[in-house]
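The values are calculated or read from the model by the stated rules, or taken from the named source; none is laboratory data. Note that the structure is predicted; figures quoted are calculated from it, not measured. Positions of Cβ are backbone-derived with ideal geometry, glycine not excepted, and every protein chain shown enters the neighbour counts. Areas reflect the complete protein model, heavy atoms only, side chains present, ligands, DNA and RNA absent. Shrake-Rupley method; radii C 1.70, N 1.55, O 1.52, S 1.80 Å.
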Amino acid sequence: MSFSWTPHRFSGGALALDVANSVILRHDDGRRIDRFEAVGQMDSFPKAAANFCAERALFGDILPVKRENRADFIALRELIDRYFRARILGEAADPLLADLLAALAQVLKRASSGGLDAATVHSTLRLIAMPDPERMKICRNCGWLFIDRSKNKSRAWCDMAVCGNRAKASRHYRRKKEETAP
């Protein structure tokens, strides 16, 4: 299966979140898609990140993860998702933080300078130290992680043009169906 990396795929607001969001429908085993499992997608992600990621100015051109480092990178992606999801939901995140920090150190030791793995480590460390952790949220539509940069911290969707419109259309459809039901 082939995908294109569009701006919507980088709506997390930070490279580490965009990497975590490379799994579509993460919590739906029947429909879950890991975009990095598709041939060539992990290699094309860094170029797209350099074009669309909110942190692109910090990293510039990003190199793909070396083949021998990919298993550690995928493990890191999963820890990033678990840690920040637990933190957002108010669950005990400290044990996960210890695991995440250990994985960050392991990946950084083997990462090439300018590589996606190194950039993801730096992005993750910035998120851990984020001054407004309540700005990190889970999209009500797709379940992706994102940073709410709205003035009043009321954003509910990772991308209004995609998830927001889908949620509003779904609500409209349900209302119309209820109105016409006998």
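When you look at Val19, is it within 19 Å of Gly115 (Cα to Cα), β-branched (Val, Ile, Thr) and outside any helix (DSSP H, G or I), yes or no?
Taking the combined requirement at face value, the residue does not satisfy it.
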With the condition kept exactly as written, say whether any residue in the stretch 65-88 is assigned to a strand (DSSP E or B) and under 13 Å from the mean Cα position of the chain (by Cα). no
The one condition in (1) open to solvent by 40 Å² or more (accessible area, probe 1.4 Å); (2) under 27 Å from Leu97 (Cβ atoms); (3) at pLDDT 90 or above that Pro64 fails to fulfil: (2)
Is it the case that Leu58 is surrounded by fewer than 14 Cβ atoms within 10 Å (Cβ to Cβ) and at negative phi? yes
Name every residue in the stretch 124-171 that is open to solvent by 70 Å² or more (accessible area, probe 1.4 Å) and either part of a loop (DSSP other than H, G, I, E, B) or modelled with pLDDT of 85 or more (or both), in order of residue number. Leu125, Arg126, Ala129, Pro131, Glu134, Arg140, Arg149, Lys151, Asn152, Lys153, Ser154, Arg155
Single match in Ala93, Ala102 (criterion: of a type in the set (A, V, I, L, M) and either surrounded by fewer than 15 Cβ atoms within 10 Å (Cβ to Cβ) or out of contact with any Lys or Arg (no Cβ under 7 Å at 6 or more places or on another chain) (or both)): Ala102
Are any of the residues in the stretch 76-90 surrounded by 15 or more Cβ atoms within 10 Å (Cβ to Cβ), modelled with pLDDT of 95 or more, under 13 Å from Pro46 (Cβ atoms) and touching a Leu at 6+ places or on another chain (Cβ under 9 Å)? no
Failed criterion for Lys47 (all others in (1) of a type outside the set (Gly, Ala, Ser); (2) open to solvent by 50 Å² or more (accessible area, probe 1.4 Å); (3) assigned to a helix (DSSP H, G or I); (4) touching a helix residue (DSSP H, G or I) at 6+ places or on another chain (Cβ under 9 Å) hold): (4)
